[in-house]
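A short reminder: the numbers here are calculations on the coordinates, not readings from a lab. If you're wondering where the values come from, they're calculated on a predicted model, not measured in any experiment. Heads up, the Cβs are rebuilt from the backbone with ideal geometry, glycines too, and the neighbour counts pull from every protein chain shown.
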Amino acid sequence: MSALLSLASISAGYGSFRALFDVSLDVSPGEAVGVIGPNGAGKTTLMRVISGLLPPLGGAMSLEGRPVAGIPAHRMVAQGIAHVPENRRLFPRLTVEDNLRIGAFIPSARKHFADQLAHVYSLFPRLRDRRTQLAGTLSGGEQQMVAIGRALMSRPKLLLMDEPSAGLAPLVVAQVFDLVRRIRAEGLTVLIVEQNVQQVLDVVDRAYLLEVGTIKLSGTAAELKGNSFIRQSYMGL
């Protein structure tokens with residue numbers, strides 16, 4: 001099966017600071033792939049490159065075989081990539097439904113707005129109950145549902161999730177990973193960046209370990225769970 005997303009020797013950074021060095025990875029259709037690693041490893045930079053928020057300094061990136069490196073973020077959504085950013089980045093003074101509406105801003109999504117909204121509400125019934133509530137008044141877990149739902153409104157081929165469990169209570173973290181499982185069950189392709197190694201390896205097929213801007217290890221979730229370095233360094237086992 002050919003890759004949905006493919007990165008080859010991607011380098012990226014900010015000004016004179018280099019955050020990624022020759023990163024190569026791929027994601028096949030229908031897969032859930034994790035990128036794990038410590039704070040400051042370059043995980044968010046990687047997501048910003050893939051979603052078009054940060055142009056790469058070198059390397060190649062393709063989506064369904066088409067080169068997409070350097071395409072700006074608003075056009076990347078139209079290519080089929082939706083980004084659930086770290087810390088959710090909702091519009092707190094808009095209602096739940098208006099936040100979801102913003103996710104369907106591209107012309108191809110607008111004509112499917114009603115169907116997609118019904119789909120998001122079927123995935124997350126609680127959002128239907130809260131649709132007229134201001135997003136800023138929701139709990140952390142509900143806000144994460146809105147952030148995921150907003151991304152799904154563009155009918156993406158690939159969903160990027162950046163640290164979805166960050167800053168959430170342990171019980172809510174479990175709910176968030178349950179959301180990931182439900183999205184996966186829909187057949188959607190997911191690339192998830194996460195510090196919570198134990199839990200992310202329970203929901204992905206494969207993962208890459210990113211340390212200091214380079215891929216240090218990759219393998220199936222089962223292989224990485226059994227890897228002694230990962231168990232000692234990231235799971236405290």
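Counting only residues 5 or more places away or on other chains, whose amide H sits under 5 Å from the amide H of PHE91 once H atoms are built in the peptide plane?
none
Tell me which residues come under 5 Å, amide H to amide H, from LEU54 once H is placed; ignore anything under 5 positions away on its chain.
Answer set, sorted by chain and number: VAL49.
Can you tally the lysine pairs in the chain where the Cα-Cα distance is under 25 Å and the two residues are eight or more apart, or on different chains?
Close lysine pairs under the 25 Å cut-off: 5.
How far apart, in nanometres, would the label points at ASP202 and PHE105 be if each is projected 7 angstrom from Cα along the Cα-to-Cβ direction?
Label-label distance for ASP202 and PHE105, simple model: 3.6 nm.
If every alpha-carbon in the range 162-215 counts as one equal scatterer, what log10 I(q)/I(0) does Debye give at q = 0.17, 0.24, 0.30 1/Å?
-0.55, -1.00, -1.35
May I ask you to compute the full-extension gain from ASP26 to ASN227, defined as 0.36 nm times their residue separation minus their alpha-carbon distance, rounded to one decimal in nm?
The ASP26-ASN227 span can extend by a further 70.3 nm.
Apply the Karplus curve 6.51 cos²θ - 1.76 cosθ + 1.60, θ = phi - 60°, to the phi angles in the range 198-206 and return the couplings in whole Hz, x for Gly and Pro.
4, 6, 5, 5, 7, 10, 9, 7, 9
Which far-off residues, 5 or more places away or on another chain, put their amide H under 5 Å from the one on VAL23, with H placed in the peptide plane?
Amide H neighbours of VAL23: SER9, ILE10, SER11.
For a quick check: sort LYS43, LYS225 by the number of other beta carbons within 10 angstrom, fewest at the front.
Going from least to most buried by this count: LYS225, LYS43.
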